[in-house]
Amino acid sequence: MGVPAFFRWLSRKYPSIIVHCVEEKGKECNGVRIPVDTTKPNPNEVEFDNLYLDMNGIIHPCTHPEDKPAPKNEDEMMVAIFEYIDRLFNIVRPRRVLYMAIDGVAPRAKMNQQRSRRFRASKEGVELVEEKNRMREEIIQRGGYLPPEEIKERFDSNCITPGTEFMDNLAHCLRYYVADRLSNDPGWRNVTVFLSDASVPGEGEHKIMDFVRRQRAQPNHDPNTHHCLCGADADLIMLGLATHEPNFTIIREEFKPNKPRPCALCGQMGHEIKDCQGTAREKQGQHDEFADTMPAAEQEFIFIRLCVLREYLARELTMASLPFPFDFERSVDDWVFMCFFVGNDFLPHLPSLEIRCDLFLLKGYLTQNGYVNLERVEMIMQAVGVAEDNIFKKRKEDDAEQQGPAYLTTGQFAPHALGRRDRPEPVQNARHQAYDMRMQSREQHNKSSAGPSDSSDSRGVKRKAEDSDSEPEPEDNVRLWEEGWKQRYYKTKFDVEVTDEDFRKKVVKSYVEGLCWVLRYYYQGCASWKWYFPFHYAPFASDFKDIKDMFTEFEKETKPFKPLEQLMGVFPAASGNFLPQTWRNLMTSPVSSIIDFYPDDFAIDLNGKKYAWQGVALLPFVDERRLRAALADVYPDLTPEEVKRNSLGSDIMFVGKSHPLSDFIHELYRGTEIPVELCHGIQGTLNLDDDPILPDKPVRSPIPMLRDISQNSAIGIPNKVLKPGDWEKGNREPWRPQLVTLLLFTKAAIATIEELHLCICRVLFIKLLFDSVFRFVGEESSILKWKKCLNVCISPSNGPH
């Protein structure tokens, strides 16, 4: 989620949530590598049950790493991905479930951000090539030396998008990888593996959350399950808290700033391309044997313990003497909701971010089961709106104070360059020295307040702009800290006058819909695949007036884009090589009806920021109707292979030959429900696969450098984990966690001792029926008979039988 520096703020405020991972390394004996025995107890002294991998956070660093040489081809990329998963499995050592989720087709609200990222990446790639060519010519003209330019095809990271051949190949390689580990690694023997590849709609982390929510709602769910989720996005912390699971941990790479990177021109370390002088490379080693190696240390991992974070939040959020009962779980939901205002992937953040409100005024919580109380949200927005003017002025003052100290002391306390041979003189009287620092700082502040100083020898005076190596700060035309900020904001950003109340209400209405959509997305799943925020900028908090009735409900029965359709919606024309030829022509042909969706150049509004990556890419929004109308003419040109890549798939479940569920799947290879008692309480539907992985059937390696699996012990089958939409289709009512619904029904239905006895009898009889179903599950006709019998027996009109 786009929360700037959220993890850094959280780890500094609550340092005990961070724990360094203990990783056991493999050994070598006589040139033979001995792998780690993952069947042994976890060296981190925590036994995890389920491990969830947000695969896109693994795919990107393995395909185009920043701190080591890039893989030469796709095969090396796949092997790097396998090794990364092996490291994570070795550290976490899950005992029940491994769930690998790759980003599929995203909701429309997310596609706008994906489109911005990919257009930016394409633009920055072109600008980098131009900069390299310009610098190379300048250095050669000055007589400098540069190694000959390698003719190497640049890896376009945009191919890591659903619908491309790369993602289809990755899915096949991961199926081979899982089959190999289940067949040959004892630590994987009893683990149930789920692979949700790019053909399954939804973002990777949200597919994981759908799985967790679904299993948590089952009556067989173990409340003491230890979950571990791998990913570096800040929204994983929010999602982990939103599950309300007591044992939830996040594993991620430890961030180490200022990693050395080689110059893109000469390949040497220690400078960037703009500072390259074209000097000859120094010899690396006695015989230059280390010329092609980069000084890179293996990345370490850390655990973020959400159970400890929950304890911190319990201390901070608990309030006494509230006018309503305090509920810690609901206060966590409200805390997550409030973080949406700071930033997320679906809405631009509010211009004013400081949110302080007295909970006593709200008379209740902001959210409940994924739904927003807009009346209470309006009270918070109005409280922030009153202070907006002061917030902007305070922010400007804070930025001015952070430019640097007004006075730097001399002597022992002064900063000195590393490696200096002359030692500074020691301070004779520390109290006098401190007094001089305070007095000179005060004098310097008075001088700066009176006007610019003409003195050039003072260490506290800021250098002139022309003497500075940094680029001048961009001009901010809005100037939120000055009077008239709201008029300038709407005129500059939206090209409308602030007096246009209807337009401001339209922006606020869309933002309110977005808040409801995001919360529903985090707690229940995707409420609408079509909804998106149709503006580049957010309204002010003071604009949130009369919002109680601005939102009713999202459009029902919406469907996600197909993979190739999403590629057309997020790719720039420069990445059109991943699309069929006739589809590609729609991006470049002057007569194309959607040529305006693919500008060659576009503006980036810094929006008060200093760097281009922080700005807003002013790209046109994709009109779904126009896009589908244009694609209707080129759909017949798809080949059978492209039609297959353009279809939506399901999760694939893998179990080893020794798994209790293996015989059940092998003997009944047709669509049926998973017996919960055979798979740690996991529930879902099994479907027939066109190309299954079955025991004793060889599995061919898709990577030439890896061997085929001749003695396969794994079995793989598509698995459909029910989502909130499936619940609504079956019950014709809004989705709720099933466990909560069951408790409410029981409380409402049981009014007398006789009814309680009747309820217990029915529950015991249903359990007996299901046990019988699983005994006779081999005979389909028996199943149908038992289902009919079950329907009769649980009918309210029949009484206890």
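No value in this document is a laboratory result; all are computed from the given coordinates. For clarity, every value in this text was computed on a predicted model and none was experimentally measured. All Cβ positions, glycine included, derive from the backbone under ideal geometry; neighbour counts span all protein chains shown.
The magnitude of the dipole of the range 170-225, with charges of +1 and -1 set on the Cβ of Lys/Arg and Asp/Glu and taken from the Cα centre, is near 140 debye. Restricting the GluC sites (Glu not before Pro) of the range 15-48 to loop positions (DSSP other than H, G, I, E, B) with no more than 14 neighbouring Cβ atoms within 10 Å leaves Glu45, Glu47. Each of Lys545 and Val129 was given a label point 7 Å from its Cα along the Cα-to-Cβ line. The distance between the two points is 5.3 nm.
Rank-order 558-571, 200-213, 526-539 by packing density, defined as the average count of other C-beta atoms within 10 Å over each peptide's residues, highest first.
Those peptides, ordered most packed to least, come out 200-213, 558-571, 526-539.
Legend: calculated FRET efficiency, Asp222 to Asp691, from the Cβ-Cβ distance at R0 = 22 Å, rounded to 0.05, equals 0.10. Under the simplified labelling scheme, the Glu553-Thr588 pair shows an inter-label distance of 4.7 nm, with each label point 7 Å from Cα along Cα→Cβ.
Could you list which residues have their amide H under 5 Å from that of Thr192, counting only those 5 or more apart in sequence or on another chain, with H placed in the peptide plane? Amide H neighbours of Thr192: Val97, Leu98.
Across the range 545-563, the residues whose backbone nitrogen lies under 14 Å from the label position 7 Å along the beta-carbon direction of Glu375 are 546-550.
Multiply the residue gap between Glu24 and Ala612 by 0.36 nm, knock off their C-alpha separation, and tell me the result in nm, one decimal place.
Taking 0.36 nm per residue and subtracting the Cα distance, the gain is 207.5 nm.
Phi angles of the range 557-562 translate, via the Karplus equation with coefficients 6.51, -1.76, 1.60 and θ = phi - 60°, into HN-Hα couplings of 6, 6, 10, x, 4, 7 Hz per residue; Gly and Pro are given as x.
Note down the net charge around His226, summing +1 for each Lys or Arg and -1 for each Asp or Glu among other residues with Cβ under 10 Å from its Cβ. Around His226, the surrounding residues sum to -2. Applying both filters, DSSP loop and at most 13 other Cβ atoms within 10 Å, to the trypsin sites (Lys or Arg not before Pro) of the range 82-188 gives Arg142, Lys152, Arg154.
Rounded to 0.05, the FRET efficiency of the Arg117 and Lys644 pair, given R0 = 25 Å and the Cβ-Cβ distance, is 0.40.
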